[in-house]
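Shown next, in structure tokens, is the structure this report addresses.
The values are calculated or read from the model by the stated rules, or taken from the named source; none is laboratory data. What you are looking at is a predicted structure, and each value in this text was computed from that prediction instead of being measured. In this analysis, Cβ positions are derived from the backbone assuming ideal geometry, glycine residues included, and neighbour counts consider all displayed protein chains.
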Amino acid sequence: MNRRSFVKSTAMAAPMMGSLSNRENTRSIPYSFKHIYAPHFGMFENSAGKDLIDQIKFMADNGFKGLEDNGMLQRPTEIQNKIGAALSKYNMSMGVFVIDGGDNWKVSLTTGKKEFIDKFVETCKASVELAKRVNAKWMTAVPGYFERNLPMDLQTVHVIEAFKRGADILAPHNLVMVMEPLSDNADLFLRHADQAYMICKAVNSPACKILYDIYHMQRNDGNLIKTIERCYDEIAYYQIGDNPGRKEPTSGEINYKNIFKYLYDKGYKGILGMEHGNSLPGAEGEQTLIKAYQWSDSY
């Protein structure tokens with residue numbers, strides 16, 4: 001039996017979860033993962049419902065110790081406070097949110113334009129306040145699009161200077177922006193791990209590191225474990241997604257069991273963000289996802 005068939009069969013055999021109120025009274029000991037895996041809102045809403053706090057509880061009930069929310073900066077302060085309280089209640093860690101408030105495709109730091117740099121700096125300041133509410137440490141930073149009218153090295157200088165200004169704001173609060181190389185389209189400036197590594201070395205701050213999204217890096221770089229090894233000292237955060245399809249581990253070609261074991265053996269204690277969709281629909285698909293993580297984490 002291959003790994004995908006095993007995961008699917010065990011998920012089909014698993015009893016479906018009861019209502020949230022019943023689970024509150026009969027909460028069992030959750031599966032003990034070796035890593036801090038962080039789901040995002042919506043990943044389990046067929047099982048937990050649409051309420052964000054109920055979703056956090058469902059994650060905790062199934063052994064997940066982290067949460068990601070790219071759009072956290074856009075949520076009302078009241079909701080941010082409730083999320084922070086729920087994470088504290090269930091002893092969960094807050095993963096990344098997007099540092100620029102969701103408009104990273106519109107703000108290209110590569111251009112060096114003052115209005116873009118000022119926007120980035122102001123959002124770094126707002127991110128400090130949000131981090132206090134949800135006990136966050138990491139936030140995603142994306143430079144934006146490649147600027148065709150400027151030499152590549154000059155664009156790199158602009159990004160380095162912008163990230164230095166952001167790092168100066170975040171470092172005193174022990175916060176870290178993690179720049180993410182992406183594979184969504186060829187117009188993006190930051191696409192490769194070695195490129196991000198060079199920028200980190202130039203910024204030279206504990207507040208500026210790499211977000212190594214394994215899905216994107218499989219598409220852009222490949223040779224995953226070797227690339228991680230080469231850049232390891234500047235990687236502060238990882239995200240997960242199998243390829244093709246950007247779904248949970250075991251749904252594609254990436255051997256996540258080997259990658260998780262490698263990171264565990266390296267002593268990585270940070271968060272692994274579940275930045276992907278579900279390969280199957282409904283509550284059954286959510287159980288398949290949970291079993292996929294249990295299988296991939298068992299080494």
Original post:
surrounded by fewer than 19 Cβ atoms within 10 Å (Cβ to Cβ) and under 26 Å from PHE97 (Cβ atoms), is that true of GLY273?
Top reply: no
Subject >> Residues located in segment 186-209, provided they are hydrophobic (A, V, I, L, M, F, W, C) and either surrounded by 17 or more Cβ atoms within 10 Å (Cβ to Cβ) or not in a helix (DSSP H, G or I) (or both) >> reply: ALA186, LEU188, PHE189, LEU190, ALA193, ALA196, ILE199, CYS200, VAL203, ALA207, CYS208
Subject >> Sole exception among (1) within 29 Å of PHE64 (Cα to Cα); (2) at pLDDT 95 or above for THR110, by number >> reply: (1)
Original post:
Residues THR140, THR156: which one is surrounded by 22 or more Cβ atoms within 10 Å (Cβ to Cβ) and not aliphatic (A, V, I, L, M)?
Top reply: THR140
Original post:
Of the residues ALA202, ALA236, ALA292, which is on the phi < 0 side of the Ramachandran plot, touching a Ser or Thr at 6+ places or on another chain (Cβ under 7 Å) and of a type in the set (A, V, I, L, M, F, W, C)?
Top reply: ALA292
Original post:
Here are some conditions: (1) touching a Phe, Trp or Tyr at 6+ places or on another chain (Cβ under 9 Å); (2) over 26 Å from SER127 (Cα atoms). LEU175 meets all but one. Which one does it not meet?
Top reply: (2)
